[in-house]
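The values are calculated or read from the model by the stated rules, or taken from the named source; none is laboratory data. Remember, it's a predicted structure, so these values are computed and weren't measured experimentally. A quick note on method: Cβ atoms are made from the backbone with ideal geometry, for glycine too, and the neighbour counts reach across all protein chains shown. These area figures cover heavy atoms from the full protein model, side chains too; ligands, DNA and RNA do not enter into them. Shrake-Rupley method; radii C 1.70, N 1.55, O 1.52, S 1.80 Å.
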Amino acid sequence: MLKLYGYERSPATFRVRIVLGLKGIACEQVAVDLPGDEHKSRAYRRINPQGVVPYLEEGEWGVGQSLAIMEYLDETYPAYPLLPSSPEERALTRQIVNMLACDLHPLASERVHTYLTQHFSLRDPQCDAWYQHWAQETFIALEKVLGSCSGLFCVGDEVTLADCVLIPELYVARRNGVDVTHYPTLLRIFDHCMSLHAFADAAPATSAV
Ligand SMILES: N[C@@H](CCC(=O)N[C@@H](CS)C(=O)NCC(=O)O)C(=O)O
């Protein structure tokens, strides 16, 4: 039985929950209390030395990093593939995934926020401005990228890993007050994805971020 260590409001965990839902994979979910700093505990670091969620276990084996987990699930549960068949569309999918998961998401993580406030005396409004700047910059570029490759979803008319990463990032951005009204393609894809059970059921139950 698969076991996913995660946190309800973590966008990186949200990504993996979407993939589990799309593929109908049974998985035990273990809540790691991020606000209570459980991810920094010695016990959790024995599971994932990086001290972040999500982390996937399967028996004695385990793997961290949401993108690695998502690709592992895509390879081991090949029904409902989440990477397109053409190399061009696969590359575009990875471009979008990397823009969001590698460039934007880390700038808004709790440990970066904590470092900025503790080592550079930034206050919460300055950290919010920092996040909003990088989110807007990413979404402006992404709206242009999607202009040439999107259909019903980010890349064409089938769900890909790009949608599984985009929806949680947009969800968090909206909850954090980022004005997303200038991105009609992003919003259209968001609304379409959230009309599907796998996305809606994976979203955090509580509205607070
Ligand atoms: N690149 C990692 C990011 C993991 C990550 O930053 N997770 C956040 C929750 S979304 C976390 O555990 N934050 C705790 C912290 O920053 O201290 C992934 O995709 O899994």
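Roughly what % of DSSP beta bridges within the range 1-78 run antiparallel, to the nearest 5?
Just about 60 percent of them are antiparallel.
Of TYR77, TYR44, which has the most accessible area and how do the rest follow, probe 1.4 Å?
TYR77, TYR44
With +1 on each Lys and Arg Cβ and -1 on each Asp and Glu Cβ, and nothing else charged, work out how big the dipole of the range 77-175 is about its Cα centre, in Debye to the nearest 20.
Numbers: 7 positive and 12 negative charges, 49 e Å.
Approximately 240 debye in magnitude.
Per 10 Å bin, what percent of the C-alpha pairs of the range 12-105 does each bin hold, from zero upward?
Histogramming the range 12-105 at 10 Å steps yields 14, 44, 32, 10, 1 percent.
As a test, work out the antiparallel percent of DSSP beta bridges whose residues both lie in the chain, rounded to the nearest 5.
55
So how do 144-152, 18-26, 182-190, 161-169 stack up, highest first, on mean other-Cβ count within 10 Å?
Numbers: 144-152: 14.7, 18-26: 18.2, 182-190: 16.7, 161-169: 27.8.
Result, highest mean first: 161-169, 18-26, 182-190, 144-152.
Counting only protein heavy atoms, what percent of the accessible surface of the chain is carbon or sulfur at a 1.4 Å probe?
54
With a cut-off of at most 14 other beta carbons within 10 Å, and DSSP calling the residue loop, which trypsin sites (Lys or Arg not before Pro) in the range 85-136 qualify? Please list them.
On the way: sites: ARG90, ARG94, ARG111, ARG123; in loops: ARG123.
Taking the range 85-136 and a limit of 14 other Cβ atoms within 10 Å, the loop trypsin sites (Lys or Arg not before Pro) found are ARG123.
How about LYS40: which aspartates and glutamates have a C-alpha closer than 15 Å to its C-alpha, ignoring those fewer than 8 places off in the same chain?
Answer for LYS40, where 15 Å is the Cα cut-off: GLU110, listed by chain and number.
Determine the per residue accessible area of the chain with all protein chains present and a 1.4 angstrom probe, expressed in square angstrom.
Details: 10600 Å² over 209 residues.
Normalised by residue count, the accessible surface of the chain is 51 Å².
Choose one answer from ASP179, ASP37, ASP191: the residue with the largest mean-square fluctuation in a GNM of the chain with alpha-carbon springs under 10 Å.
Ranking ASP179, ASP37, ASP191 by mean-square fluctuation puts ASP37 first.
Probe 1.4 Å, all protein chains in place: accessible area of HIS105 in Å², nearest 10?
The accessible area comes out at roughly 50 Å².
Give the cross-link partners of LYS23 among the lysines, using a straight C-alpha distance below 22 Å as the criterion and excluding same-chain residues fewer than 8 apart.
LYS3
Using the charge dipole of the chain (Lys, Arg: +1 at Cβ; Asp, Glu: -1 at Cβ; taken about the Cα centre), state which of VAL52, ALA205, GLY62 has its Cα farthest towards the positive end.
Most positive-ward Cα: VAL52.
May I ask for the net charge around THR76, where only other residues with Cβ less than 15 Å from the Cβ of THR76 are counted and Lys, Arg are +1 while Asp, Glu are -1?
Value of the local net charge: -3.
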